[in-house]
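A.B. asks: Structure provided below as structure tokens; questions to follow.
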Amino acid sequence: MHGSTISEVWHQVIGTQPTAPLALVLVTGVLTLLVVAYGPVWRVARNAITIAHEGGHALVALLSGRRLTGIRLHSDTSGVTVSVGKPTGPGMVFTGLAGYIAPSLLGLGAAAMVTANRLTALLWLTLVLLLAMLIMIRNAYGVLTVVVTGVVLFVISWFTSPTVQAAAAYLITWFLLLGGLRPIFELQTKRSRRQAPSSDADQLHRLTGVPGIVWVVVFFLVAAGCLVVGGYWLVPELPSIAAGFGAAG
């Protein structure tokens, strides 16, 4: 978009882009799976999932009438969102529930947008959400993480070709869908070793009396459901591709 007028940029953002080739969709999916599966890369990439996680807490806290006081993102990819309000009740429950399912739900929304060929709109909406979150960040590492993520997205959406932008949109979508699952397994691993007594699942247990493992299962079912539905939207040909491989075997 470099050199475009404001009017041209706006029409590009609200308009649709050509349907991405199936090869691009599949390649970005495989690349994302490798990122999520490979530990050293995942430890860096997981910061983006933490941003979505804490953003989910923050948004639901605001929607439930709580006063948001700040968000902190840490270098170990953990985070904390602090809000003020009634310490019990539905508002606290929904706020606690939102974190682990937020990346997957965002991924499902992103899948709907790219399926509708709103690729540029997805990139710019992501930028707007990052800017909104930046206002509430209260530590230097959190500011650095959000700013770097935002700058990378801006450079891609403003200076690169439509093909690169399409690849970025699909990478974001796949990463939210696939990356939303791994932290849930990591959560239960820590819980089984008694290393996460204040996890979202355990806080929900204290708020509701429902065992923490039940909440972990809820997180998983939502994330897995979003991956199945979002994956089908992204690659509706996948069942026929799988059937073809099965027949060949």
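The values are calculated or read from the model by the stated rules, or taken from the named source; none is laboratory data. Bear in mind that the values here come from a model prediction, so they are computed numbers and not experimental data. Glycine gets a Cβ as well: all are built from the backbone with ideal geometry, and neighbour counts include every protein chain shown. In case anyone asks, the SASA skips ligands and DNA or RNA and just uses the protein heavy atoms, side chains included. Shrake-Rupley method; radii C 1.70, N 1.55, O 1.52, S 1.80 Å.
A.B. asks: Please count how many residues of segment 210-249 are open to solvent by 40 Å² or more (accessible area, probe 1.4 Å), at pLDDT 70 or above and not in a helix (DSSP H, G or I).
C.D. replies: Matching residues across segment 210-249 total 4.
A.B. asks: Would you mind telling me which numbered condition in (1) modelled with pLDDT of 95 or more; (2) out of contact with any Pro (no Cβ under 9 Å at 6 or more places or on another chain) Gln12 fails?
C.D. replies: Gln12 satisfies every listed condition except (1).
A.B. asks: Among Ala116, Ala111, Ala61, which is open to solvent by 10 Å² or more (accessible area, probe 1.4 Å) and either at pLDDT 95 or above or more than 15 Å from the chain's Cα centre (by Cα) (or both)?
C.D. replies: Going through Ala116, Ala111, Ala61 in turn, the sole match is Ala116.
A.B. asks: When you look at Ser161, is it surrounded by 15 or more Cβ atoms within 10 Å (Cβ to Cβ) and of a type in the set (Ser, Thr, Tyr), yes or no? I'd like the intermediate steps shown before the answer.
C.D. replies: Working: surrounded by 15 or more Cβ atoms within 10 Å (Cβ to Cβ): no; of a type in the set (Ser, Thr, Tyr): yes.
Against the criterion (surrounded by 15 or more Cβ atoms within 10 Å (Cβ to Cβ) and of a type in the set (Ser, Thr, Tyr)), Ser161 does not qualify.
A.B. asks: What do you reckon, is Val152 part of a helix (DSSP H, G or I), closer than 23 Å to Trp10 by Cα and under 18 Å from the mean Cα position of the chain (by Cα)? Please lay out each step first, then the result.
C.D. replies: On the way: part of a helix (DSSP H, G or I): yes; closer than 23 Å to Trp10 by Cα: yes; under 18 Å from the mean Cα position of the chain (by Cα): yes.
So Val152 passes the test.
A.B. asks: A follow-up question, please. Which of the numbered conditions does Glu54 fail, given that it passes all the others? Conditions: (1) acidic (Asp, Glu); (2) under 12 Å from the mean Cα position of the chain (by Cα); (3) open to solvent by 20 Å² or more (accessible area, probe 1.4 Å).
C.D. replies: Here Glu54 meets the rest and fails (3).
A.B. asks: Among residues belonging to segment 121-145 that are closer than 11 Å to Arg72 by Cα and in contact (Cβ under 8 Å) with a residue 24 or more places away in the chain, point out the one that is most open to solvent (accessible area, probe 1.4 Å).
C.D. replies: Once the filter is applied, the top-ranked residue is Arg138.
A.B. asks: Identify, please: which residue in segment 170-192 is without any contact (Cβ under 8 Å) to a residue 60 or more places away in the chain and not basic (Lys, Arg) and is, among those, most open to solvent (accessible area, probe 1.4 Å)? Explain how you work it out, then say what you get.
C.D. replies: Filtering segment 170-192 down to residues without any contact (Cβ under 8 Å) to a residue 60 or more places away in the chain leaves 185-186, 188-192.
Filter again for not basic (Lys, Arg), leaving 185-186, 188-189, 192.
Numbers: Phe185: 122, Glu186: 48, Gln188: 54, Thr189: 58, Ser192: 83 Å².
Per the criteria, the residue is Phe185.
A.B. asks: Suppose we filter Arg72, Arg66 for residues that are in contact with a Lys or Arg (Cβ under 9 Å, 6 or more places away or on another chain), open to solvent by less than 30 Å² (accessible area, probe 1.4 Å) and farther than 20 Å from Ile172 by Cβ; which single one remains?
C.D. replies: That would be Arg66, the only listed residue that is in contact with a Lys or Arg (Cβ under 9 Å, 6 or more places away or on another chain), open to solvent by less than 30 Å² (accessible area, probe 1.4 Å) and farther than 20 Å from Ile172 by Cβ.
A.B. asks: Related question: Name the residue, out of Gly89, Gly109, that is within 20 Å of Leu207 (Cβ to Cβ) and free of Cβ contacts under 8 Å to residues at least 60 places away in the same chain.
C.D. replies: Gly89
A.B. asks: Quick check on my filter: what residues within segment 193-208 are modelled with pLDDT of 95 or more and open to solvent by less than 50 Å² (accessible area, probe 1.4 Å)?
C.D. replies: Within segment 193-208, Ser199, Asp200, Ala201, Asp202, Leu204 qualify.
A.B. asks: Report yes if Val82 is of a type outside the set (Lys, Arg), touching a Ser or Thr at 6+ places or on another chain (Cβ under 6 Å) and either crowded, with 16+ Cβ neighbours inside 10 Å or not in a helix (DSSP H, G or I) (or both), otherwise no.
C.D. replies: Details: of a type outside the set (Lys, Arg): yes; touching a Ser or Thr at 6+ places or on another chain (Cβ under 6 Å): yes; either crowded, with 16+ Cβ neighbours inside 10 Å or not in a helix (DSSP H, G or I) (or both): yes.
So Val82 passes the test.
A.B. asks: Let me ask something else about it. For segment 23-44, does any single residue satisfy the condition of being open to solvent by less than 20 Å² (accessible area, probe 1.4 Å), of a type outside the set (S, T, N, Q), closer than 30 Å to Val93 by Cα and at pLDDT 95 or above?
C.D. replies: yes
A.B. asks: For segment 152-201, which positions are closer than 30 Å to Thr95 by Cβ and out of contact with any helix residue (DSSP H, G or I) (no Cβ under 7 Å at 6 or more places or on another chain)?
C.D. replies: Val152, Phe185, Glu186, Thr189, Lys190, Ser192, Arg193, Arg194, Gln195, Pro197, Ser198
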